[in-house]
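Undergrad: Would you mind keeping the following structure in view while I ask a few things?
The values are calculated or read from the model by the stated rules, or taken from the named source; none is laboratory data. The model shown is predicted, which means the values in this text are computed figures rather than measured ones. Cβ coordinates were reconstructed from backbone atoms using ideal geometry, including for glycine residues, and neighbour counts include every protein chain displayed. The accessibility values were calculated without ligands, DNA or RNA, using every heavy atom of the protein model including side chains. Shrake-Rupley method; radii C 1.70, N 1.55, O 1.52, S 1.80 Å.
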Amino acid sequence: MSTTPDVARTAPAPCRSDAPACATAPAGANDAAKHARTMDTIRAIDDFYRRTDELYRQTAWRMGLADCAFDILYALLDEDGLTQKQLCERGFSSKQTVHSSVKRLQAKGLITLRGDSPRTMRAYLTDRGREEYGEHIRAVLEAEKEAVDIFTDEEQLRLTEAMARYIDALDARLSALTFR
């Protein structure tokens, strides 16, 4: 399943520690080393997201699916009967992208929508959708499980805690920025 929003992430331009006048680097040697480590970490995080997105993009392509269609089928196999809003949240896609993908998947007979009004409509995998993609998506889920299982229980906990701390800190700092 895709892990990032449609918005591209870009890290600030790296500041070489050997550059004589790096405007963003702190003055002292220890500060410069910490700055270099921080920049390496930012690049590693950005690389992680790019590589993860590319792995899922290639997986979807090999199944003959667009990224968003893959995300929708993946989400519905996990929990059938999701709203388009929930599908947006699960796949990190815009309302327009999900709406278009839902219409295409519905036209192909892979999903169906049920509800009394547009606001209560929920998407469900059809028998055809389960037949054509269920096994493939379960294989992706199994690969994800096996990849996580390389970590001990303690490492999994530390990893998820560190990721949560990072995203909370980034959210607080980006939310505080003003651009006008």
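Undergrad: Would you be able to say whether some residue in the range 122-130 is in contact (Cβ under 8 Å) with a residue 24 or more places away in the chain, over 23 Å from residue 56 (Cα atoms) and surrounded by 12 or more Cβ atoms within 10 Å (Cβ to Cβ)?
TA: Yes, the range 122-130 contains at least one residue that is in contact (Cβ under 8 Å) with a residue 24 or more places away in the chain, over 23 Å from residue 56 (Cα atoms) and surrounded by 12 or more Cβ atoms within 10 Å (Cβ to Cβ).
Undergrad: Scan the range 23-72 residue by residue and report those that are out of contact with any helix residue (DSSP H, G or I) (no Cβ under 6 Å at 6 or more places or on another chain), part of a loop (DSSP other than H, G, I, E, B) and surrounded by 12 or more Cβ atoms within 10 Å (Cβ to Cβ).
TA: Passing the criteria: 65, 66.
Undergrad: If you check every pair at least six apart or on different chains, which have Cβ atoms under 6 Å apart with a residue in the range 32-46 that is in contact (Cβ under 8 Å) with a residue 24 or more places away in the chain and over 16 Å from residue 167 (Cα atoms) first and a residue that is surrounded by 11 or more Cβ atoms within 10 Å (Cβ to Cβ) and among the small types (Gly, Ala, Ser) second?
TA: Close Cβ pairs (under 6 Å, with a partner that is surrounded by 11 or more Cβ atoms within 10 Å (Cβ to Cβ) and among the small types (Gly, Ala, Ser)) do not exist here.
Undergrad: For the range 83-109, name all the residues that are of a type outside the set (A, V, I, L, M), within 14 Å of residue 71 (Cβ to Cβ), open to solvent by less than 70 Å² (accessible area, probe 1.4 Å) and in a helix (DSSP H, G or I).
TA: Within the range 83-109, 84, 86, 88, 90, 91, 97, 100, 101 meet the criteria.
Undergrad: Additional query: Could you tell me whether residue 160 is in a helix (DSSP H, G or I), among the β-branched types (Val, Ile, Thr), under 28 Å from residue 48 (Cα atoms) and at pLDDT below 95?
TA: In short, no.
Undergrad: I would also like to ask the following. Report, ordered by the first and then the second residue, all pairs with beta carbons closer than 8 Å, sequence separation of six or more or different chains, a first member in the range 142-169 that is without any contact (Cβ under 8 Å) to a residue 12 or more places away in the chain, and a second member that is in a helix (DSSP H, G or I) and not hydrophobic (A, V, I, L, M, F, W, C).
TA: 148/156
Undergrad: Quick one: which of 177, 157 is exposed (fewer than 14 other Cβ atoms within 10 Å of the Cβ) and over 23 Å from the mean Cα position of the chain (by Cα)? Break it down into steps so the answer makes sense when it comes.
TA: Details: 157 fails: over 23 Å from the mean Cα position of the chain (by Cα).
Criteria check complete, one pass: 177.
Undergrad: Going by the structure shown, is residue 75 free of Cβ contacts under 8 Å to residues at least 60 places away in the same chain, small (Gly, Ala, Ser) and either in a helix (DSSP H, G or I) or surrounded by 14 or more Cβ atoms within 10 Å (Cβ to Cβ) (or both)? Steps first, please.
TA: On the way: free of Cβ contacts under 8 Å to residues at least 60 places away in the same chain: no; small (Gly, Ala, Ser): yes; either in a helix (DSSP H, G or I) or surrounded by 14 or more Cβ atoms within 10 Å (Cβ to Cβ) (or both): yes.
No: the conditions fail for residue 75.
Undergrad: Can residue 134 be described as more than 22 Å from the chain's Cα centre (by Cα), within 15 Å of residue 64 (Cβ to Cβ), of a type in the set (Gly, Ala, Ser) and open to solvent by less than 70 Å² (accessible area, probe 1.4 Å)? I'd like the intermediate steps shown before the answer.
TA: Details: more than 22 Å from the chain's Cα centre (by Cα): no; within 15 Å of residue 64 (Cβ to Cβ): yes; of a type in the set (Gly, Ala, Ser): yes; open to solvent by less than 70 Å² (accessible area, probe 1.4 Å): yes.
Taking the combined requirement at face value, the residue does not satisfy it.
Undergrad: If we scan the range 110-121, do we find a residue that is outside any loop (DSSP other than H, G, I, E, B) and among the small types (Gly, Ala, Ser)?
TA: Going residue by residue through the range 110-121, those that are outside any loop (DSSP other than H, G, I, E, B) are 111-114.
Those still in the list that are among the small types (Gly, Ala, Ser) too: none.
Checked against the condition, which is being outside any loop (DSSP other than H, G, I, E, B) and among the small types (Gly, Ala, Ser), the range 110-121 yields no hits at all.
For (1) basic (Lys, Arg); (2) modelled with pLDDT of 95 or more, each residue gets a yes or a no:
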| position | (1), (2) |
| --- | --- |
| 76 | no, yes |
| 92 | no, no |
| 95 | yes, no |
| 106 | no, yes |
| 109 | no, yes |
| 117 | no, no |
| 123 | no, yes |
| 135 | no, yes |
| 138 | yes, yes |
